[in-house]
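One structure below.
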Amino acid sequence: MSDVSVPNDVTLMEKVVNLSKRRGFVFPSAEIYGGFRSTYDYGPIGVQLLRNVKDAWWRSMVQMRDDVVGLDAAILSPPAIWEASGHLKNFTDPLVDCRQCRERFREDQLDDLTICPGCGGKDTFTEARNFNLMFKTHAGPVESDAAVAYLRPETAQGMFINFSNVLQSSRKKPPFGIAQIGKSFRNEITPGNFVFRTREFEQMELEFFVPPEEALQWYEYWCATRYQWYIDLGIPESKLRMRPHDADELSHYSSGTSDVEFLFPWGWGELEGIANRGDYDLTQHATHSGEKLDYFDQATNSRYVPHVIEPAAGATRTMMAFLLAAYDEEEVRGETRTVLRLHPRLAPYKVAVLPLSKKEDLMPMAREVLALLQPHLMCDFDETQAIGKRYRRQDEIGTPFCITVDFDSLEDGAVTIRERDTTEQVRVPIADLSIEMFRRLGF
Ligand code: GAP
């Protein structure tokens, strides 16, 4: 993938937001009712891209390893979990209200604590109070205290509370990990920047349980491995950095955290945090639940509480970073060509099958080509408009290859493959097409 060559990064953001709506990546939610602030729906192309981001993560974190297993835990959860994890007490942001315009702000995000950025009022803020970010609801028909439930604000706790279940059922032993992808919910005070910070989002988290003396070594391993994942999927090194937290930034349980950051149009922003959480989580849940959450090592005849290394990434936020990094424009014969240079593994469609014309004679062969590839690859099929316009549309949604069936195909049994990044075209016999596509896609 080339580095982004778009001249102005403020317009890059606008261009990507516009493209997302126009081509069906991301729509503002509840638009026909005037919208619902900072919530988004993923359209026909976006749902594929998001799924591919999650699949790429699952492939690298679960499928390609024999020391990690998966989990899909409940989103609705009882207060006891969040009492033990510390979220009921600590998962708060300091909130101030402006007495003049009534707007609310996060105190820690204000440049000047004496001036309201909403109305310009001076010394109009209330005292800061802690605002808990968890969404609270009631399970069942009675809205009593006994029925209180929370939407999980992170997927991580599902892994800790299932530690014994997974240990016993999977017969893994430390070092081993539990991975999960799923929705999380936070009542953010200042959501914004498109899907960067939303109240409903998806996370991809791994809790990796290790013997205490191996914690530092695994922390370093996961920092390096996770950084490389983004590079391998096409984020240019100039737009990615690893930032270790300063001591005063560390969570109370963490002895080390580093963020993988992406250079967004407004500056560096976190894609993922890798934390050395020690034995905090298992110890907390063991204390609060009364259950033993430790590991008996038969080799040394000793019992210990594993330490946890946690690489915690955001799927929706990462999808946005891939979109921004892939967006490119170039001049082709006096016209601007917009192209998403997405890694083939992430591209929503791998291939578009395009009959040159809508004429009846080409359709059976075009459908045959589609039927050949569709069981193996996500394919688009487009018979509308002039071929040039159809190529442009596929470029804009990042399809790596277009396959054109033309009138010569009826004679020579071959089709034209057009490559997204170079626009180069080659002729390939249909008999060799499947192998050729896999060779070119690289998987
Ligand atoms: N279990 C640790 C944990 O949840 P986090 O840094 O709060 O750590 C992990 O969240 C990742 O989840 C972040 O790096 C970010 O990518 C994503 N994330 C967090 N809050 C988000 C939000 N409001 N909107 C979108 N993504 C979010």
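Here, each number is a calculation from the coordinates, and none is a lab measurement. Just so we're clear, the structure is a prediction, and the values are computed from it rather than from any experiment. Cβ sites come from the backbone with ideal geometry, for glycine too, and all protein chains shown count toward neighbours.
The fraction of all Cα pairs in region 256-342 landing in successive 5 Å bins from 0 to the largest distance is 3, 12, 12, 12, 12, 10, 9, 8, 7, 6, 4, 3, 2, 2, 0, given as whole percents.
Of LYS21/LYS89; LYS173/LYS239; LYS21/LYS54; LYS15/LYS89; LYS21/LYS239; LYS183/LYS292, which sit over 32 Å apart, Cα to Cα?
Too far apart for the 32 Å limit: LYS21/LYS89; LYS173/LYS239; LYS15/LYS89.
Charge dipole (Cα centre; +1 on Lys/Arg Cβ, -1 on Asp/Glu Cβ; no other charges) of region 104-165 amounts to roughly 200 debye.
Take the eigenvalues of the Cα gyration tensor for region 53-180, scale each by 5, and report the square roots as semi-axes in whole Å, largest first. Mind dumping the intermediate values first?
Details: eigenvalues 319, 85, 29 Å².
They are 40, 21, 12 Å, listed largest first.
Averaging the sequence gap over all C-alpha pairs within less than 8 Å and six or more residues apart, then dividing by the number of residues, gives the chain a relative contact order of 14 percent.
Sort out the exposed loop trypsin sites (Lys or Arg not before Pro) in the chain (DSSP loop, at most 15 other Cβ within 10 Å) and tell me the longest stretch that has none.
Working: sites that count: ARG37, ARG65, ARG99, ARG102, ARG171, LYS292, ARG333, LYS358, LYS359.
Free of exposed loop sites, the longest segment is 172-291.
Of the residues PRO79, TRP57, THR39, the one whose Cα sits farthest toward the positive end of the charge dipole of region 22-79, with +1 on the Cβ of Lys and Arg and -1 on the Cβ of Asp and Glu, is THR39.
So for region 217-363, averaging the separation of alpha carbon pairs under 8 Å that are six or more residues apart and normalising by length, what relative contact order in percent results? Normalised by residue count, the contact order of region 217-363 is 19 percent. Considering only the other residues whose Cβ falls under 11 Å of the Cβ of ALA286, what net charge follows from Lys and Arg at +1 and Asp and Glu at -1? Every neighbour counted, the sum reads -3. The relative contact order of region 6-96 comes to 14 percent, based on Cα pairs under 8 Å that sit 6 or more residues apart.
Against the chain, whose longest principal axis is taken from its Cα atoms, helix 387-396 shows a tilt of about 20°. Expressed in Å, the radius of gyration and Dmax of the Cα atoms of region 308-443 are 16.5, 63. So what does the Cα-only Debye profile of region 348-398 read at q = 0.22, 0.27, 0.31 Å⁻¹, as log10 I(q)/I(0), no solvent term? Log10 I(q)/I(0), no solvent term: -0.80, -1.07, -1.20. Rounded to whole Å, the principal axis extents of the Cα atoms in region 386-443 read 31, 31, 14, largest first. Legend note: in the chain, cysteines whose Cβ sits 4.7 Å or more from every other cysteine Cβ are CYS223, CYS379, CYS402. In a shell of Cβ-Cβ distance under 14 Å around VAL428, excluding VAL428 itself, what net charge do Lys and Arg (+1) and Asp and Glu (-1) give? For residues surrounding VAL428, the net value is -3.
Relative to the 2.2 N^0.38 Å rule of thumb, the chain has a C-alpha radius of gyration ratio of 1.13. Shown for region 191-269 is the translational diffusion coefficient from the Stokes-Einstein equation, using the Kirkwood radius over Cα pairs, a temperature of 37 °C and a viscosity of 0.692 mPa s: 223 µm²/s. Just how far, in whole angstrom, is region 18-53 from region 229-265 if you go by their alpha carbon centroids? Distance between centres, Cα-based: 27 Å.
Mind checking the alpha-carbon convex hull of region 45-125 and giving the volume per residue in Å³? Mind showing how you got there, number by number?
Working: hull volume 17.2 nm³, N = 81.
Once divided by residue count, the hull of region 45-125 is 212 Å³.
The Cα center of region 80-102 and the Cα center of region 176-198 differ in position by 16 Å. For region 1-101, the Cα gyration tensor yields ellipsoid semi-axes of 31, 28, 17 Å (square root of five times each eigenvalue, largest first, whole Å). Working note: Cα atoms of region 226-265, range along each principal axis, descending, whole Å: 34, 21, 10.
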